[in-house]
Amino acid sequence: MFTGIISDVGTILKVESIPAGKRFVLLTQYDPGSIEIGASIACSGVCHTVIEKGENSRGRWFSIESARETLDLTTVSNWNSGDRINLERSLSMGDELGEDGGLLDVPDGAGGVDGTGADEVVELGVPVEGSQGGREVVILHGASRTFLRLSSRETSLLSSSLV
């Protein structure tokens, strides 16, 4: 389980093509001693399994692999060495969610992205029946975002600056 509350911003150190897809080595602030092999870490919102970990002269790191289907269905295929990505460790039983946190729940048929951009307003279509009456939370690149403005159309439009 993930909350969408980012706990680190990692840097991709190495990208390698493998028969099943791609392998990534990520620099992190996470203590490798606290990461179990097989642990789940959300990398820009996409859940990955840690397959290796360590520390060297470049810093702390862990490795993940992305299968062909993950590469086809997400933006992971666009990741390159030097890219910075949001990281979130999975929750353990009993962890606090934090003041802004909550478990991520995506209802069937929940909208899609109508616009994208680094420094522009993004509008997301959400079915009216899924609206929480003026406050919506969505996940963009693994980060929980609260949207406060809704229009009164057939689908509510949620707007938030990504700056």
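The Kirkwood radius of region 8-89, taken over pairs of alpha-carbon atoms, gives through the Stokes-Einstein law at 25 °C and 0.890 mPa s a diffusion coefficient of 196 µm² s⁻¹.
The 3J(HN,Hα) values that the Karplus relation (6.51, -1.76, 1.60; θ = phi - 60°) gives for region 47-61 are, in residue order, 5, 10, 9, 6, 10, 8, 7, x, 8, 9, 5, 7, x, 7, 8 Hz. Gly and Pro appear as x. Residue-wise HN-Hα couplings along region 21-37, as the Karplus relation 6.51 cos²θ - 1.76 cosθ + 1.60 with θ = phi - 60° gives them from phi, are x, 9, 10, 10, 10, 10, 7, 8, 8, 4, 5, x, x, 9, 9, 8, 4 Hz; Gly and Pro carry x. Legend: ranking of residues Thr28, Thr11 from fewest to most surrounding C-beta atoms inside 10 Å; resulting order Thr11, Thr28.
Rule-based calculations on the coordinates, nothing more; no lab input. Quantities reported herein were computed from a predicted structural model and do not represent experimental measurements. All Cβ positions, glycine included, derive from the backbone under ideal geometry; neighbour counts span all protein chains shown.
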